[in-house]
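Down below is the structure, laid out as structure tokens.
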Amino acid sequence: MGRPAEGPWEERCRPMSQPFSVQDAIRQSATDVDLEELSRRGLRKVKVLDKQTVFRLIDEAVNRVVEERLAAATDKEREQIQSEARQEFQRLVKERQVEVDNTVEQKVQQAKAAALAQVEQVQAQARAQVDAKVQEQVGAQVESYQAKIRELEAQVQKGNVPGTAEVDPLQLSEMIRQAVADAAPVAAPSGGSSELAALAKSIESLSKQVGNSGGGNNSSRAVEAPSEEALQAFFSRPSVSDGVESNISNVEVKNAKANGVNKNLAKLRSLKKGSE
Amino acid sequence: MTEDMDKPDNDFGFGFESGDDAVSDGSVNVNFDMGTNDPMNMNPASSNVPASSVVTSTELGRGLDVGTANLVSSVQDAEGNVHIKIQRNAFLDIDTDDYTKNMLTRLNVQYVVINNRMVVVGDPAFELANIFNRETRRPMRDGMISPDESDALPIEKMLLETLLGSPSVEGECCYYSVPAEPIDADLNVIYHQGVFGGLLKSLGFTGKPLVEGHAVVFSELAEDDFTGIGISGGGGMFNICVSYKSIPALSFSTTRGGDWIDRNVGNVLGISASRATAIKERGVDITRPKNREEEAVEIYYRNLISYTLKNIKSRFESSSSMPNFPEPISIVCAGGTSLIGGFIEVFNDEFQKINFPIPVKEIRHAEDPLYSVSKGCLVAALSEA
């Protein structure tokens, strides 16, 4: 440390912009001299100071200077020193905190990654369980459809088609298409359900045959909303008014009277005219 | 699938096409030899309803509310009265025997025999289910035709036959309600819409879909120039439509309705959903629950209303097509689920809790909450005559 600077206290005690490194200062101020050069100069012995001793000497020197100056300092100057010391301390604390935070953040990220991996593992297990359950349910459902198809096929073969509301090719075709539609989306995501896929295919093939026999329905519409014509055909099947056993035509439906809607109608029409 | 079916939001305010030109004044007069008390059944040859001695005439056009809980049809007579027919959209199968058949007919209970099973339809099905603590079978679920109910389509056709009868003229226009796209479920309305369009066609009508909330706007917001918010609280869904000068600016639905309340009340009380419905419909006031059962109903109603309002608010805030209303608007609540005592009070309570993004001048009940959607469909149908 050199001679104390002259001038006002503020200038002399300007806080350091960067922490002072004693080690760097020594390294920069020292000169490398070969042992041979020393020998040429007639120096046979050198005194060696270790690092700790250098630090201790510096500390002592600094403390002595500070004590002397503090003794001579005014109250205002003391306060300024305290304030600057506090600021420096806080800056160091912050630096330390950043280091700690970085470490914590790193640990949190690691923990998060581990947790995510665990969640993914659990999800995969759950998916596998659900897939198994769904396949079981689909299996049962397909079995039920198969039973229905067998029953309906038997009736179709017996010629029990026209004039009955219960069984006709259109209805049968519709049911089968429904079975295909139900089976397909479940079978697809499970990936390896070749059995279900094959079953769906065979049902679809059967659907084509039955559909064609009933009026040439296109099986490609299996998963689409039915066309207006198809629906009309379905609803044109015999119903209550065509001989199905019922008392509906003899029983009055609940009815009521309400206020008319002429006012609303007039308003709507005038609104329409106004916009034209 | 027709173009109409793909696009339920018809633009009634501006530039729609004129309807059937066959009857220029939009009405038709039919004199029956025997007469009928059924203004919906214009075909003298049809015998779906008992005959009585009334001579009537109706305007061309029908309204049909296709609800999860109820089916409601409407037609207007020449004097301007609207005739409503209503069927509970439910059925129940029971053992078949001659004694039961006779008893049911004597008790005015509708039944039909399907696949050797006797099926009781409409309100009696609901009442019988209550007596035996069974669940009714429902052709519709969550506002749409039920995929789980194999007998849904024939039963629906039968119920509609009893409600609509035959058309006055072939291809008479019948507007039917459809749900708007739900925002909280992955449900598609196209199939449902197609089924009912085809069904009406098979009965001789030209079916045209109308979004349920929009129908409420047509029937309840005429004095506001069809500007405001129509809400239809049904069994399977709540349907909401924001309309400006009759044009729907925003339509959507949520899949919680009366059935959701019934299911939950049934679960917490350990009773069937049908019995929970009966508790709900026996005259509960949700602002003053009197016992544990009514408290359960109140809790779920409040939750349902809050859920609906939050969804409406959220949609309003996220929609880019919301009009800037120059004046505060009205909110009208219709549908069977809104019939419970104290509904509007609780709706107001919950409304105050959220910071609604549009200025609202009033929240009120529809004039005929149960018939509102059907009447709105009727307005749409008559406007095309």
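Only the coordinates and a few stated rules stand behind these numbers; no lab work does. From a predicted model like this one, the values you see are computed outputs, not experimental measurements. Counting neighbours? That spans all protein chains shown, and the Cβs are built from the backbone with ideal geometry, glycine included.
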Using a 10 Å cut-off on Cβ to Cβ distances, tally the other chain neighbours for every residue of B:192-205 and report the average as a whole number.
-> 4
Using the per-residue mean of other Cβ atoms lying within 10 Å as a proxy for protection, in what order, highest first, do the peptides A:266-272, A:25-31 fall?
-> A:266-272, A:25-31
Cα-based shape type of region A:66-135, given that a ≥ b ≥ c are square roots of the gyration tensor eigenvalues and the cut on a/c is 1.5 | prolate
Using a Gaussian network model of chain B with C-alpha springs under 10 Å, which one of B:Tyr175, B:Tyr111, B:Tyr244 is most mobile by mean-square fluctuation?
-> B:Tyr111
Once the Cβ-Cβ distance between A:Asp24 and A:Val119 is put in as r, and R0 is 60 Å, what FRET efficiency do you end up with, to the nearest 0.05?
-> 0.75
Excluding near-sequence neighbours (fewer than 8 apart on one chain), chain B holds lysine pairs with C-alpha atoms under 20 Å apart numbering 18
What ratio of Cα Rg to 2.2 N^0.38 Å holds for chain B?
-> 0.98
Using only Cα atoms, figure out Rg for region A:15-131 and give it as a multiple of 2.2 N^0.38 Å.
-> 2.10
At most 10 other Cβ within 10 Å, DSSP loop - trypsin sites (Lys or Arg not before Pro), region A:40-85 | A:Arg41, A:Arg44, A:Lys45, A:Lys47
Can you give the longest stretch of chain B with no exposed loop site, where a site means trypsin sites (Lys or Arg not before Pro) in a DSSP loop (not H, G, I, E or B) with at most 11 other C-beta atoms within 10 Å?
-> B:1-281
What ranking of B:Ser253, B:Ser321 emerges when the number of other C-beta atoms within 10 Å of each C-beta is taken as an exposure proxy, fewest first?
-> B:Ser321, B:Ser253
Run the dipole for region B:79-126 about the Cα centre, Lys and Arg Cβ at +1, Asp and Glu Cβ at -1, nothing else charged, and hand back the magnitude in debye, nearest 20.
-> 80
Compute the separation of the alpha-carbon centres of region B:223-247 and region A:34-70 and state it in Å as a whole number.
-> 93
Expressed as a whole number, the average count of other chain Cβ atoms within 10 Å around the Cβ atoms of B:221-232 is 2
Viscosity 1.002 mPa s, temperature 20 °C: Stokes-Einstein D of region B:49-130 from its Kirkwood Cα radius, in µm² per second?
-> 145
What's the center-to-center distance, using Cα atoms, between region B:161-178 and region B:77-114 in Å?
-> 19
